[in-house]
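See below for the structure under consideration.
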Amino acid sequence: MAKLLFAIPAFNEAATISEVIRSLLPHGDVLVVDDGSYDETNDIARSSGAKVVRHPTNLGYDAAIYTGLTEGRLSSYDWILTLDADGQHYISDLVSFSAHFADMDLIIGVRPSDSRRFGERLLALNYRIKHGLHDPLSGFKAYRTQSLRKIQVRIDQLKPSYGLDVLDAILYTNPRIAQVPILIRKRQDTARVGNSWNVNWRMLCCLWERLI
């Protein structure tokens, strides 16, 4: 049976983090990367059974993801899975992921297209043409630990890219990739990444950087 670590980036997710952690603990260990939260995310995550690594200030999603993956790849886990802290992902979709643990290096959960922003769909089109990936911005991914040890990325090199810089570094190693359909719940409160206009603009900037 594969040994799993769930790495969860979190910024001010006190309302949902406990439920997310408790749903994951029967399946593996949980690491929460508290990205400079100023609510009770840190304390609630610890009391719910997760290990917590805390950034002293808010460094952004990319840095939080990279911290979680770095902690995991230095350990004895077979797989590191990333999920969002807001409870949007269904742990039942882990069954679809586990079917590929034996022969893949990267597994990406593909969300329904109508659940994604305009900028996400444009970025996905670029990655589909170049790499055959349908949802590169999905927060639900699984990384084989051995494959993560091949990448060379420093946290100070990361730009705001919603995790794409890390994904690009992994794609450079020519991993075996599986893509599985997943469902997501609608977030109940305001998204931490900003309003739709700002997010779409930043995603278009990410797309432009990958076109030039």
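Computed from the coordinates by the stated procedures, all read-outs in this text should not be read as laboratory data. What you see is a predicted model; the values in this text were computed from it and never measured. Cβ sites come from the backbone with ideal geometry, for glycine too, and all protein chains shown count toward neighbours.
Worth a mention:
- Neighbourhood charge, 12 Å Cβ-Cβ cut-off, centred on Ile170 and excluding it, Lys, Arg +1 and Asp, Glu -1: +3
- Counted by neighbouring Cβ atoms within 10 Å, the residues Asp35, Asp105 run from fewest to most as Asp105, Asp35.
- Exposure proxy ranking, count of Cβ atoms within 10 Å, fewest first, for Asp135, Asp93: Asp93, Asp135
- Each of Glu40, Glu13, Glu19, Glu120 has some number of other Cβ atoms within 10 Å of its Cβ, and from fewest to most they run Glu19, Glu40, Glu120, Glu13.
- Hits among lysines - C-alpha to C-alpha of Lys130 under 28 Å, sequence gap 8 or more where chains match: Lys141, Lys150, Lys159
- The range 47-120 and the range 162-185 have Cα centres spaced 10 Å apart.
- Of all lysines in the structure, the ones whose alpha carbon falls short of 18 Å from that of Lys51, not counting any fewer than 8 places away in one chain, are Lys3.
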